[in-house]
């Protein structure tokens, strides 16, 4: 049975970008908000860090732009960086109007934190280390009470409806058995990242790369998929078997915590002049190198007064594992955290397919380049949620929905459809990616990974379910990493350990092709 629904706007994903764009779109028409899990199931909910926004008297937008470009290692788009960073103060004002309260003093002045690769204190937080949760709490209240927003939880989008070169709707499975066909004049992908493709990640269990595969299968261009950020400080608990690793926010190092080995000896001074506050790729590789040399790595935060009040989430996570961070060292390990690449868009979120937009982590708008500056991701999601609206509302309606589509599943396909990958397939992907497409890469390991993943894909039924999605998304990352024969930002190859001007360009992947690089200059 198929249910046909016509609406004005469809938003896929309920992180900060999805919720904010839904609220804005609802001012102009009917909105259907779709998520594969619960309403608040997203990476945004787990975001401990904050939002980078120029607020202090000693700071300037130009400094934030400079920090972002420097961290992006030549692949950030200067005009995009300038646009997003310049809109940060307005975004903060908008959040406050929605009821979001940032940490501050009694007079209302915000507490501004410092994080890696930032030249000034400009990070706003909520509840110390609960920024994502704090923002989503307020956005969710507005979304749930809005009469123009209809929410579809537990709804797996398996295909995009393409008609005459335009994306006019989606095909989805609701509650594992009911097919939905939805038409709209604009579809927004805000599906988040792909951290769950790796064995150890800070990401939510639904961060499986769905949006990348949906878009590419429909004909959209993917860009810079090789750039996966590994957060330096995942909490390494010997008591936990869950591969979802709790994050120890970069803000902890911003408050003075130091990375040390088992002898309590600091080591970051040997890797970078900014020591513990160097860019994430540098710190992650430094920890990786120390661990490869046989040393255990810890974060020493015993010098931070009122740690439990400043970082309540982290404090309770550590205490649950028998570690008091006010008295003991916290064991840490780098973990998969964020995808800098994604579905290529312009500054308004347009993809290469008419009526299809992408915002947030699933998109590659040009802000992050080869490495993301800390606390720029929530900012990007909020800014792009605002930017995309003017384009969506200007589109004319589409014709009523039709059942005539190759995307309609047969009864047998529906009965065997996986809306979440099987343990076997997901573990195969995770082990392959962690072992061969991780923090340090080379030709031999990448080639092996591509062969393993390609063989796994051949074994799967040709149905666009979650099993096929995770394998395909992993292939996108591996293929791009093989092509980039240099080290830049979060992509490090031991067989090509230096930057090359030959690769001062984006990688792109389009439907039915292996890999087509698009040249560009660093100062574009």
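Most exposed first by the Cβ proxy, i.e. fewest other Cβ within 10 Å, how do 9, 503 rank?
Result, fewest neighbours first: 503, 9.
Treat the count of other C-beta atoms within 10 Å as a stand-in for reagent exposure and order 347, 494, 249 from fewest to most.
Numbers: 347 15, 494 12, 249 28.
Exposure proxy ranking, most exposed first: 494, 347, 249.
To one decimal place, what Kirkwood hydrodynamic radius in Å is obtained for region 235-334 from all pairs of distinct Cα atoms?
13.7
Can you order the peptides 137-144, 471-478, 81-88, 377-384 by their average number of other Cβ atoms within 10 Å per residue, highest first?
377-384, 471-478, 81-88, 137-144
With only alpha-carbon pairs counted, each pair once and no self-pairs, how large is the Kirkwood hydrodynamic radius of the chain in angstroms?
Taking the inverse mean of 1/r over all distinct Cα pairs, the chain comes out at 23.1 Å.
With no solvent and one point on each alpha carbon, what is the Debye value of log10 I(q)/I(0) for region 413-507 at q = 0.24 Å⁻¹?
These q points yield log10 I(q)/I(0) values of -1.14.
Grab the Cα-Cα distance for residue 460 and residue 414, subtract it from 0.36 nm times how many residues apart they are, and report the gain in nm with one decimal.
Result: 15.1 nm gained on full extension.
Contour minus end-to-end for residue 154 and residue 107, with contour as 0.36 nm per residue of separation and end-to-end as the Cα-Cα distance?
Here the segment from residue 154 to residue 107 would lengthen by 12.6 nm.
Test of understanding: ordering 197, 395, 329 by Cβ neighbours within 10 Å, fewest first, what list do you get?
On the way: 197 30, 395 15, 329 20.
Least crowded to most crowded, the residues run 395, 329, 197.
Quickly rank 416-422, 355-361, 219-225, 463-469 as a protection proxy: mean count of other C-beta atoms within 10 Å, highest first.
Packing proxy ranking, top to bottom: 355-361, 219-225, 463-469, 416-422.
Viscosity 0.890 mPa s, temperature 25 °C: Stokes-Einstein D of region 16-117 from its Kirkwood Cα radius, in µm² per second?
152
Nearest 10 degrees is fine. How inclined is helix 131-145 to the longest principal axis of the chain, computing both from alpha carbons?
It is inclined by approximately 30 degrees.
In region 264-386, what is the volume of the convex hull around the alpha carbon atoms, normalised per residue and reported in Å³? Display every interim value, and only then the final one.
On the way: hull volume 18.4 nm³, N = 123.
So the per-residue hull volume is 149 Å³.
When you count, for each residue, the other Cβ atoms within 10 Å and take the mean per peptide, how do 261-274, 300-313 rank with the highest first?
Numbers: 261-274: 13.4, 300-313: 16.4.
Averaged packing, sorted descending, gives the order 300-313, 261-274.
Using R₀ = 41 Å, calculate the FRET efficiency as 1/(1 + (r/R₀)^6) where r is the Cβ-Cβ separation of residue 346 and residue 324; round to 0.05.
Between residue 346 and residue 324 the formula returns 0.25.
Given the -39500 (n - 2.57) contribution per DSSP H run of 4+ residues, what per-residue ellipticity at 222 nm results for the chain, rounded to the nearest 500 deg cm²/dmol?
Result for the chain: -9500 deg cm²/dmol, rounded to the nearest 500.
Work out Dmax and Rg for region 225-287 from the C-alpha atoms and quote the Rg first, both in angstrom.
Using the Cα atoms of region 225-287, the pair Rg, Dmax is 12.6, 38 Å.
All of the numbers you see were taken from the coordinates with simple rules; none came from a lab. Worth saying up front: this structure is predicted, and the values here are computed from it rather than measured. With ideal geometry, Cβ positions are generated from the backbone for all residues, glycine too; neighbour counts draw on all protein chains shown.
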